[in-house]
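Only one structure is covered here, and it is reproduced in the block below.
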Amino acid sequence: MIRVRWIGLLTMAIMVFAMAIPVACRDDVSPFQPRDRETDPDATMFRLTASPGDDRVPAWSPAGDSVYYTAEGFGHLPQEPGVLVGLPRTGGVTRPILHNVQTTVLPGRQQWYAGPAPAPKGRRLAFAVVASLWPSDPCSETAVLSCTPSRDSVPLPPLRQILLRVRGLDELGPLGDDPAVSLFVPGVILDAVVIPMFGAIPRYNVRYHPGQRLFADERAFVFRASWSPDGDRIAFSDGENLRIWKVGDQTAPAVSNTEGAIWAAWSPDGDWIAFTRTSVVDSTHTSCAYLAPLGICAFVEYTELDAGPVTLTLVRPDGSELRELGAGWEPAWSPDGGALYYRDDGRIWRIDVNGTNSPEAIPNTEGGREPAVSPDGRFLAFARRPPGQPKFDIWVVELQ
Amino acid sequence: MLASRPDLSTDCVPLTARHEAFAHTTTGGYPDEPLICQTRKDRVVRDGPTSDGSVVSPRRAKPCGAVLAAALVLAAPVAGPTLDAQTTGRIVGRVREVGTHQPVGSADVRVEGLPLSTLTSDQGYFVLVGVPVGIHTLQIERLGLRAVRLEDVRVRAGRATEVVIDMETAPVQLEGVTAEVERAPLIEPAVSASHETVVGRELRELPVDRVEEAIELTTGVTDGHFRGGRVGQETYRIDGLDIKNQFSASTTGPLLEISPTALEEVDVITGGLGAESGDALSGVVSYSTRRGNPEHWEGRGSLTTDYWAPNDLFRGFTGLSLSAGGPVPFLGSGATLFADLLAQGMLDADPRARGLSCVRPGDADPALADAIRNLADDPATAHLYCPYSGPRLPYQRGDKVIGFLRLDRPLGVSTNLTLTVLRNRHQQELYTPEFKYNPTYQLGQRAKGTLVNLLLDWTHHRQGSAYHITARAAGLHLDRYLGVVDPWTFDARSRIAGFGFRDFRFLGERFVHRPVEEQLKSGRAVPGYQQPGGSTGSPFGPAAEGIFSTEGTPQIANWSRSDFIGGDLVGELLSARGHALRAGGSLRLYRAESYERTLAYLPGSAPNYARFYPATASAFVDASLAAADQVTIDFGVRLESFRSGLSLQRNRANVFAPTVTTGWNTELLPRIGVAVPVPGSEDRTMFRFNYTLVAQPPDFQFFLDTTIGDSLRVDIRRQGNPDLTFERGSAYELGLTHLLSPNVAIGGTAFLKELTNLVTGSLGFVGYAQNEFTTGDFGSVKGLELYARGRWPGLQFRAGYSLQSAKGVTSGALDTPEGPIVESRREFPLAFDRRHSADLTVLVGRAGGDVESPWSIGLTSSLRSGFPLDRLQAAGDVAGATTIPDRLPWTWVVDLRVARELGRPPLCDGCTWRLAADARNLLGRDNIVALRRDTGRLAPGGSDLTATAQEIPDDAEPIPIESPRYSAQADLNGDGLVTAAELRTVRFAAALDRADPSLFFGPARELRLGVEVAF
């Protein structure tokens, strides 16, 4: 009898739970689902940044899922003029690319890193470190400028020295252990004039060339690095010439026949280096002295070169076989090496390297510059200045 | 004396008096009249031998008039000790001959199924002590008289049930007669205390999940406050054992819970506390547990859930209840076992009427209402208004399991051993609006308790008197943890319908249980804790910084453990004439441990930790005299002592300050109570008077430094004081009870309670550190309670109304006084001064005692006025116009439980089953239980919200889309940049959402369905 009861009870319990199980699928109160960042999977254009600071020189991560660029530090980033950062292609939070860099700031010193360039092989990143800039005015504000012929101001070109570094993306060690090459950017030669009774007076021999002017006026990182396909060498511009640095060497020799070359871009097959060649149409020279209350503060021999048209140019890495493709800035190779993307006339264009087709305007790139093509060729990242805004943001469009 | 007692409770009613106000009895002084006894057709008397060896065959009770042998059960308590802490009750009575009313001496009176028997005295009186709480059958036999078998005699804990039995002369052996009764008395002439009793059957039919909900139906008890006393001024007893959470009762409650299905009855005493209960300032709740049926196994199981309900009524409740009891012969003859298990899973452990809500325009002043409408109507900002709402509160998941086991084993004819083990675990998340957008880390609490009680009961019966000695050894362990719930708890722990078999885990729990010296040496934050904050994750993005914590963890880690071992020894001497003497003593040795770290995420932050060994001891003598003319006089005295086991250095700033060594505190507490019938009322009107001096040790937690405990607030700190004295009180009570008719009784009680030496941490005294706990607070409660009881076949009701005024300087040990009264020590209405409260309980059908009815309906309703919102205003001290109400609005709740018997379920011949529907807050009333003190509304002031919004400066750095702080929901124009102007707009909305009034509302409407099987 008791056994029958227990069997019955067990059967009832099973029935009850069988009924309960379907309804027990109801779950906890769902947590709030924030819509802080929404991504439209069908979108063909993404605005990645909107910082009031300058966001420049985009490049693609090796996997093509993120865009690296140089940001002017804000908010959660180091408050530096140039920070190497990256964020997902479809948008997201900007994070520093490298570890253990730009973590401490010495008084009066800036850590200005720019032009991130991921290596085609391995997880390495080349970038430029901008050393302390020349002061625009070598003397105090109380000094009076006197020039022959007359001139209101003789601002010094900003770039003084650049350090090109290569660092592993996962590297945690000190920055000083990384391979690097240093070079002085042409533009200012400092010497001295000895005047009796006054002693040695500094003299700035200035040659203000277009490369310096682009940096001064537009913060154009004309010296951005471009890797050879084998990942052994890096091409870059010192503002006046192309140079090739074999990673690890102490020097980076100039490439012949590349005067006025800026914005180097090594082709995917390694046979060519594309660049923008600047030209000079005129020059003016002025001799100036800064007169301070206690005497002469500095002399400035000031030569300003007026920029002329620019030309999109190809050159072999050894400096041979120059080919001009027409006007264009900031070239970037397509992954197959068959085309170049560049800026001209306030937008991004595409041109076949073999010259078979006429240049093709890339839609939705008005106001864009500094293009970078994703490794799979599907997307184009570029910097764009919104109308009426002084600074650039990073955008991505899907290529047709 | 007994003969003159009226029939106050029996179903046996004289025919001629059925329409009269009072039912005369057949006892002396009243005319003999034929009785009609209620017969219960479905109840079959089981086969069993009679005293003469014959077998009483299955039969039904016969009309008394037909059998001539009258068995009259008064079922009313006679004079005896006041409602004391016992696990057993008494049966007293008198046996007479039918017609002559001559006393029958040397009649054998025994309790069926139990080794309890006695002989009547020469005057026919008898007393049976040590009778387990519940319903019993008496057998009365004497040679030459026809045996009587009296069924359904209800025995209550610590009280006497009176019966008068008339036996018929039978020269030859005849089959005995059977009568039965099962009724609680409508009035209790010999009881001077104020109390209400809920029997186990009612508990199982009432719409309650916890016993506390049934206690709340007692007149004078609201929200855990007994007659206007602070929470913690009551004690809880299980089978006579005091299980008060002496460490933190005033802030965390009793912590130990028992399932309603494990109880035989609950007795709630609110006034006239006996000497044995003199350590409770405001009330005593006495639980009597069930014991196994000695004759056969019986049990029940039920499953109740609301998972079937539509979304608006779905709260995520599921409850499983199993209980069974019966004989365990292998443990000895007469041994019984009872086991009970209650498991509940809850997706919202504290559902509120509006669910997860937000401020509505109607909740706010006109200006804010307009602002809310603008926010809601503007397409650009509409998503910012009430962005997260629903019928259930998030992060209030929890579960509860209560297991109870009781083993009874007779050790001989007069000795019984009882072992009870109670273990429970209650754990749940604690919803906090600051963290409602934090998907990972929430505050939670887990309370575990284990009670082991070993009780030895020795009885000795003589003709007309009895001795009863109870020895008890017990151990109690309470373990409470408050901290951040480890995400594993809900990500990986197995749960069924909200119930998880394993304990909650808390971040860093192992670490905080390590020796404090180790913790301090490590200098670490509590592992897993993170500084709260976050910019995104809420509907308001960076605008909600500092308002919501979407990242990080709550800050507090807090645990306490409190154990005691103790022993009680109580002896009583009773006479069948109603006199009783009861005396005993008790000793408790505690081990208390407390840990609190309020900034647990901060490395180097130090916890407050203490381990100490307090003790309490008490002794009492209680006597009850049944004087002439139904006058009962109770008097007693109690000696109460405690020691903190701690020393203190009062001046913490001076390491050379002297150390004060604490010792024993002792109080002598007299008590007197009188119950007397009003002359001329024919004993239908009874008068009661009580005077009680009570004292209770303060919560042990006040010996220690503390901050506000169960809260995120960490700004209120108090210095502990191990040198605290008793909290004291005196209570006066006058009561009147009147039996309107055999079915209806009414009563009223006026009381005055003066409470002194209450613990406070907010009043300054010379010689004490600022914010040091002292016993310098005081207050008083006066009130009037009216009640009515009614009972008809298949219908019972209890109704009560309480009018009271509770005043005090502060409302609790951690509360601050109102206004500049630190100097004046003025009394204002307490924060829990519930002026009016009315409760109604209606039981219909089977719940009302009609066992033939297939329906069982239990309805409860509570109507209550609101607590003071502003104590000064409530006292009438504020002159001129005020913009806020002085009190909260009234609340009204109706709960209903309806069950339908379905007969025999398939596959189980010996079973019955039924379906039950359980509705809470049937009327769906919001029942506002809190308002903002600054505005007197549910909503904050619009200016406050604007001020919060203005915390965003004009030159605030815009937040670009690539910033981790960016939120599209705060970028109102979608330009990828959250500007200062946008931040201000959104922050206003965030502040409005933070003013989430969800917890300001009463219980939610719920509808559950259940199935119950019994065998």
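Each value in this text was obtained by applying a stated rule to the coordinates, not by laboratory testing. Remember, predicted model here, so these are calculated numbers, not experimental data. FYI the Cβ positions are ideal-geometry reconstructions off the backbone, even for glycines, and counts take in every protein chain you see.
Brief remarks follow.
- Among A:C288, A:C139, a tally of other beta-carbon atoms within 10 Å of each Cβ gives an order, fewest to most, of A:C139, A:C288.
- Note: relative contact order over segment B:227-275, using C-alpha pairs below 8 Å and six or more positions apart, is 30 percent.
- The C-alpha radius of gyration of segment B:929-989, expressed as a fraction of 2.2 N^0.38 Å, stands at 1.40.
- On a per residue basis, the convex hull of the C-alpha atoms belonging to segment B:493-587 measures out at 290 Å³.
- Note on chain A: with a GNM built from Cα contacts shorter than 10 Å, the maximum mean-square fluctuation among A:G248, A:G295, A:G377 falls on A:G295.
- Positive minus negative residues near B:S192 (Lys, Arg vs Asp, Glu; Cβ under 11 Å): -1
- Neighbour-count order for B:E1012, B:E596, fewest beta carbons within 10 angstrom listed first: B:E1012, B:E596
- Cα gyration tensor shape for segment B:860-1015, rounded if a/c is under 1.5, else prolate or oblate: oblate
- The value for chain A of Rg(Cα) / (2.2 N^0.38 Å) is 1.32.
- Working note: Karplus 6.51/-1.76/1.60 with θ = phi - 60° gives segment B:965-974 the couplings 8, 5, 9, 4, 6, 9, 8, 5, 9, x Hz, where Gly and Pro are set to x.
- Between A:R224, A:R95, A:R109, the Gaussian network model of chain A with springs among Cα atoms under 10 angstrom shows the greatest mean-square fluctuation at A:R109.
- Candidates A:F275, A:F236, A:F32: whichever shows maximal mean-square fluctuation once chain A is modelled as a Gaussian network with Cα springs under 10 Å: A:F32
- For chain B, taking Cα atoms only, Rg and Dmax work out to 30.7, 111 Å respectively.
- Computed over the alpha-carbon pairs of segment A:59-158, the distance histogram in 5 Å steps reads 2, 11, 17, 17, 13, 9, 9, 7, 6, 4, 3, 0 percent, short to long.
- Distance from segment B:393-441 to segment B:887-941 (C-alpha centre basis), Å: 22 Å
- With a Förster radius of 35 Å applied to the beta-carbon distance between B:H296 and B:T100, the computed FRET efficiency rounds to 0.30.
- Mean silhouette area of segment B:572-625, derived from the convex hull of its C-alpha atoms and averaged over all directions, reads 6.0 nm².
- For B:G272, the residues 5 or more places off, or on other chains, whose built amide H falls under 5 Å of its own are B:S194.
- Our note on the geometry: Cα centres of segment A:276-311 and segment A:203-231, 17 Å apart.
- Folded to 0 to 90 degrees: helix B:366-377 orientation relative to chain B principal axis, Cα: 70 degrees
- Neighbour-count ranking [beta-carbon atoms within 10 angstrom, fewest first] of A:E360, B:E212: A:E360, B:E212
- Cα convex hull, segment A:232-311: 131 Å³ per residue, rounded to a whole number.
- Where trypsin sites (Lys or Arg not before Pro) fall in DSSP loop in segment B:714-775, at most 15 other Cβ within 10 Å: none
- Solvent-free Debye scattering, log10 I(q)/I(0), computed from the Cα coordinates of segment B:373-476 at q = 0.22, 0.23 Å⁻¹: -1.11, -1.15
- Loop trypsin sites (Lys or Arg not before Pro), segment B:599-660 (other Cβ atoms within 10 Å of the site Cβ: 14 or fewer; DSSP): B:R652
- Considering only alpha-carbon pairs that sit under 8 angstrom and 6 or more positions apart, the relative contact order computed for chain B is 11 percent.
- Tilt relative to chain B, helix B:980-994 - C-alpha long axis, 0 to 90 degrees, to 10: 10 degrees
- Cα lying deepest toward the dipole's positive end in chain B, options B:G326, B:G808, B:S286, charges on Cβ: B:G326
- Restricting attention to the protein assembly as shown, the count of lysine pairs at 8 or more positions apart or across chains with alpha carbons under 18 Å apart stands at 7.
- Cleavage-rule hits (chymotrypsin sites (Phe, Trp or Tyr not before Pro)) in segment B:745-841: DSSP loop, at most 13 neighbouring Cβ within 10 angstrom: B:F765
- Three-way shape call for segment A:279-386 based on the alpha-carbon gyration tensor, with the a/c threshold at 1.5: prolate
- Equivalent ellipsoid, segment A:107-262 (semi-axes from 5 times Cα gyration tensor eigenvalues, Å): 34, 17, 14
- Cα gyration tensor shape for the protein assembly as shown, rounded if a/c is under 1.5, else prolate or oblate: prolate
- Annotation: amide H of B:G228 within the under-5 Å range of B:T222, sequence separation 5 or more or interchain, hydrogens built in the peptide plane.
- Euclidean distance of C-alpha centroids, segment B:265-285 and segment B:133-149, integer Å: 34 Å
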